[in-house]
Amino acid sequence: MRQTWRKKYGVGRQHKYLHPKIYSKTRANKPKKKIIIPKFVWLALVVVSFIGGLSWFVFGSDYFLVKEIRVVGSITPEVEAAIDGLHGEHLLTYSTVGMTKNLKKTQGSIRRLEISKGLPSTLLIDVVLRKPVLIWRTNGKDYLIDKDGVIYNADVDELKSNHNLPLIEDTMKQPVAVGSPIVTKPFVEFITELNDQFSDSFPISITKFVVRETTFEVELHTDKGWYVLFDTNRLVKPQLDGLKDVFEKFGLEIKEYVDLRIEGKAYFK
């Protein structure tokens, strides 16, 4: 009996008090694992944070908004108001090409325009306005025309300051495309030359010019109540010379018009 128990439970004093059914070895405590974030993750977080901060600074803050506009050249109040509208635009995202096209489209009086950016918040605008040489009246509205025949809008003050320019009344009522030519450059040259030479040659004032069915012909209306028909494709001087002959011989008999459209001849009524 003793032998059997010893084989089963072992020999030794210390085992006398150990119950084999409840005794077991104590497990060793394992150290907790540390969470290690790879370096590339830290680098990615830094890069993303930097890009996010930079994006906000560039696009979210007002640092690059237009705060100052420097203009080189004289401008009209209408053009000045349009340029002032560029305040607050984003200097980096707003296209100078787009600005130029938009201003030229809406402000026909601009002949040449160059826009450049001055970081961080300045626009530099070099502008040259058209110089008016004619007034064009159609559908009850007056416009201005430059030496190239380009037509453009004008405010009341600008029209008043140019009231001495030759006035052309368009009875054809052709469509007006502001900022585009409405007549040819030779036509403009013909009218301006005729206006100057007529005033120097006759004791009569011009009230207006009238264009009816074509710009190849024009009527010069006088303060005497009669008008003169000119061919705009011919030289001014020969036609005025013909008018002088008629006026000197039959000036008092002219009641309605003088027609100079046929070369070498003059008809009057």
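Within the stretch 242-265, how many residues are free of Cβ contacts under 8 Å to residues at least 40 places away in the same chain and either over 15 Å from TRP226 (Cα atoms) or outside the structural domain of VAL228 (by TED's automatic domain parsing) (or both)?
So the answer is 8.
Look at THR106 and say whether it is among the hydroxyl-bearing types (Ser, Thr, Tyr), surrounded by fewer than 17 Cβ atoms within 10 Å (Cβ to Cβ) and closer than 26 Å to VAL176 by Cα.
The answer is yes for THR106.
Would you be able to tell me the number of residues in the stretch 145-167 that are in contact with a helix residue (DSSP H, G or I) (Cβ under 7 Å, 6 or more places away or on another chain) and not in a loop (DSSP other than H, G, I, E, B)?
Matching residues across the stretch 145-167 total 1.
Could you tell me how many of the residues in the stretch 71-110 are in contact (Cβ under 8 Å) with a residue 40 or more places away in the chain and touching a Phe, Trp or Tyr at 6+ places or on another chain (Cβ under 7 Å)?
Going through the stretch 71-110 one residue at a time, the tally reaches 2.
Every residue in the stretch 152-190 that is surrounded by fewer than 19 Cβ atoms within 10 Å (Cβ to Cβ), within 22 Å of the chain's Cα centre (by Cα) and closer than 18 Å to ARG212 by Cβ, please.
Result: PRO175, VAL176.
If you go through the stretch 203-228 one residue at a time, how many are surrounded by fewer than 16 Cβ atoms within 10 Å (Cβ to Cβ) and assigned to a loop (DSSP other than H, G, I, E, B)?
Final tally of qualifying residues: 9.
The values are calculated or read from the model by the stated rules, or taken from the named source; none is laboratory data. None of the values given here were measured: they were computed from a predicted structure. Here the Cβ is made from the backbone with ideal geometry for all residues, glycine too, and neighbour counts use every protein chain on show.
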